[in-house]
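Engineer: Structure in structure tokens, see below.
The values are calculated or read from the model by the stated rules, or taken from the named source; none is laboratory data. Since the model is a prediction, treat every value here as computed from it, not as a measurement. Positions of Cβ are backbone-derived with ideal geometry, glycine not excepted, and every protein chain shown enters the neighbour counts.
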Amino acid sequence: MSSPFRDNLLSGKTAFITGGGSGICQRIAERYAAMGANVMINGRKQEKLDTAAAIIAGRGGSVATHAADVRDYAAIESGLVRCCEMFGLIDILVCGAAGNFPAPVTGMSANGFKAVIDIDLLGTFNTCRAAFDHLRKPGASIIAISANHASQAYGWQSHVCAAKAGVERLTQCLALEWGPMGIRANLINPGPIDETEGMSRLAPTPEARRAVVENVPLRRMGRKDDIADMALFLVSDAASYVNGAVMVCDGGQILTGARTLSSAGLGQ
Ligand code: COA
């Protein structure tokens, strides 16, 4: 894990990261901790959080865990309160908890659609709303992990497209409403990122992976570090005038108009 940023960039800062027990957000948590932040990682499963926390602590990072479902307002709020008690006001809030499965509209129940809307969109609202009283003002920075699904349609991804479109607009409303208090809110749209649960669900076979990569101008999957670097930039002073922005980190995939699942032979 290498980084172009200096090691003490986030010294003494507090970060709360939903979805921090695995994948992209685990790598973001690792990066923030390596840069000196105290991090609390949230996810649904304590065992996954413990494994991720052990990696961070093993490298000398300051880390705590909070198991809670972002769909449960009181549960996520209690984590934010505990984080603040342990480490002080929250400087960095990353809303990364997300759900996904490939299914056409006719292959999904109302409850399946709702599950993803609730995790992604309501979960982002719950986390930000519950964090408000505990955010440093001025100075706090919010990052929501979205996707290019927010701005273009993908086959077999109607639930995710609808959820991410909502996440994008919600985050920009926060940028507008909370900007005057010195809180910035931005989005990261990761492209296909290797070694994540998302990609293992969406491109489960070598053929599907090849089809995805062929639609990326840089001809490779993204790395979790690519997203961690973007997440570090956004919370640094180098981004102090960046607010309400959608930071696309996808190797240029969106330029090809790729509808990932269709290209991979999974979609319609
Ligand atoms: N196709 C169609 N429907 C599906 C499905 C699939 N592949 N997987 C789940 N569902 C439906 C279920 O059938 C259920 O609907 P029902 O009650 O009408 O039968 C509904 O989705 C909720 O499923 P459940 O497993 O009870 O929900 P959950 O809250 O435990 O899980 C999910 C949420 C469905 C999003 C699950 O995929 C998940 O936990 N994902 C988290 C990890 C993840 O997706 N990471 C990648 C992020 S990019």
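Engineer: Has segment 163-171 got any residue that is more than 20 Å from the chain's Cα centre (by Cα) and within 22 Å of ILE117 (Cβ to Cβ)?
Structural biologist: Taking every residue of segment 163-171 in turn, none turns out to be more than 20 Å from the chain's Cα centre (by Cα) and within 22 Å of ILE117 (Cβ to Cβ).
Engineer: Restricted to segment 210-225, and to residues that are in a helix (DSSP H, G or I) and within 16 Å of the ligand (Cβ to nearest atom), which residue is modelled with the highest pLDDT?
Structural biologist: Within segment 210-225, the match that is modelled with the highest pLDDT is LYS224.
Engineer: Please enumerate the residues belonging to segment 104-120 that are farther than 25 Å from ILE188 by Cβ and within 8 Å of the ligand (Cβ to nearest atom).
Structural biologist: GLY107, MET108, SER109, ALA110, ASN111, GLY112
Engineer: Hey, any hits in segment 73-83 for a residue that's of a type in the set (D, E, K, R) and either touching a Cys at 6+ places or on another chain (Cβ under 7 Å) or free of Cβ contacts under 8 Å to residues at least 40 places away in the same chain (or both)?
Structural biologist: no
Engineer: Taking the conditions exactly as written (more than 26 Å from LYS164 (Cβ to Cβ), crowded, with 17+ Cβ neighbours inside 10 Å and either more than 16 Å from the ligand (Cβ to nearest atom) or at pLDDT below 95 (or both)), does GLY61 satisfy them or not?
Structural biologist: So GLY61 fits the description; yes.
Engineer: Please enumerate the residues belonging to segment 78-96 that are in contact with a Lys or Arg (Cβ under 8 Å, 6 or more places away or on another chain) and of a type outside the set (Val, Ile, Thr).
Structural biologist: LEU89, ASP91, listed by residue number.
Engineer: A follow-up question, please. Give the residue that is nearest to the ligand (Cβ to nearest atom), with candidates limited to residues of segment 16-58 that are free of Cβ contacts under 8 Å to residues at least 12 places away in the same chain and not aliphatic (A, V, I, L, M).
Structural biologist: Filtering first and then ranking leaves GLU47.
Engineer: Restricting the first residue to segment 211-236 and requiring it to be farther than 26 Å from ALA29 by Cβ, which pairs with a second residue that is part of a helix (DSSP H, G or I) and aliphatic (A, V, I, L, M) meet a Cβ separation below 7 Å and a spacing of at least six or different chains?
Structural biologist: Listed pairs, sorted by first residue: PRO217/LEU255; ARG219/VAL213.
Engineer: Mind checking whether some residue in segment 183-194 is assigned to a helix (DSSP H, G or I) and touching a residue at least 12 places away in the same chain (Cβ under 8 Å)?
Structural biologist: No: zero hits.
Engineer: So, GLY99, is that one within 17 Å of the chain's Cα centre (by Cα), of a type in the set (Gly, Ala, Ser) and within 13 Å of the ligand (Cβ to nearest atom) or not?
Structural biologist: Spelling it out, GLY99 is indeed within 17 Å of the chain's Cα centre (by Cα), of a type in the set (Gly, Ala, Ser) and within 13 Å of the ligand (Cβ to nearest atom).
Condition check ((1) surrounded by 19 or more Cβ atoms within 10 Å (Cβ to Cβ); (2) within 20 Å of GLY20 (Cβ to Cβ); (3) modelled with pLDDT under 95) across all residues:
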{"site": "ALA110", "(1), (2), (3)": "no, no, no"}
{"site": "ARG136", "(1), (2), (3)": "no, yes, no"}
{"site": "ALA144", "(1), (2), (3)": "yes, yes, no"}
{"site": "ALA162", "(1), (2), (3)": "no, no, no"}
{"site": "GLU168", "(1), (2), (3)": "yes, no, no"}
{"site": "ASP194", "(1), (2), (3)": "no, yes, no"}
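Per-residue answers, yes or no, for (1) of a type in the set (Asp, Glu); (2) surrounded by fewer than 18 Cβ atoms within 10 Å (Cβ to Cβ); (3) part of a helix (DSSP H, G or I):
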site	(1), (2), (3)
GLY21	no, no, no
GLN26	no, no, yes
GLU30	yes, no, yes
ASN42	no, no, no
LEU49	no, no, yes
ALA57	no, yes, yes
HIS66	no, no, no
VAL70	no, no, no
ILE76	no, no, yes
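Engineer: While we're on this one: Mind listing whichever residues of segment 152-168 are of a type in the set (A, V, I, L, M) and assigned to a helix (DSSP H, G or I)?
Structural biologist: VAL160, ALA162, ALA163, ALA165, VAL167
Engineer: Among (1) hydroxyl-bearing (Ser, Thr, Tyr); (2) more than 15 Å from the ligand (Cβ to nearest atom); (3) touching a strand residue (DSSP E or B) at 6+ places or on another chain (Cβ under 6 Å), there is one condition SER151 misses while meeting the rest; what is its number?
Structural biologist: Just one mismatch for SER151, condition (3).
Engineer: Moving on to the next point. Does VAL81 satisfy being outside any helix (DSSP H, G or I), more than 16 Å from the ligand (Cβ to nearest atom) and at pLDDT 95 or above?
Structural biologist: no
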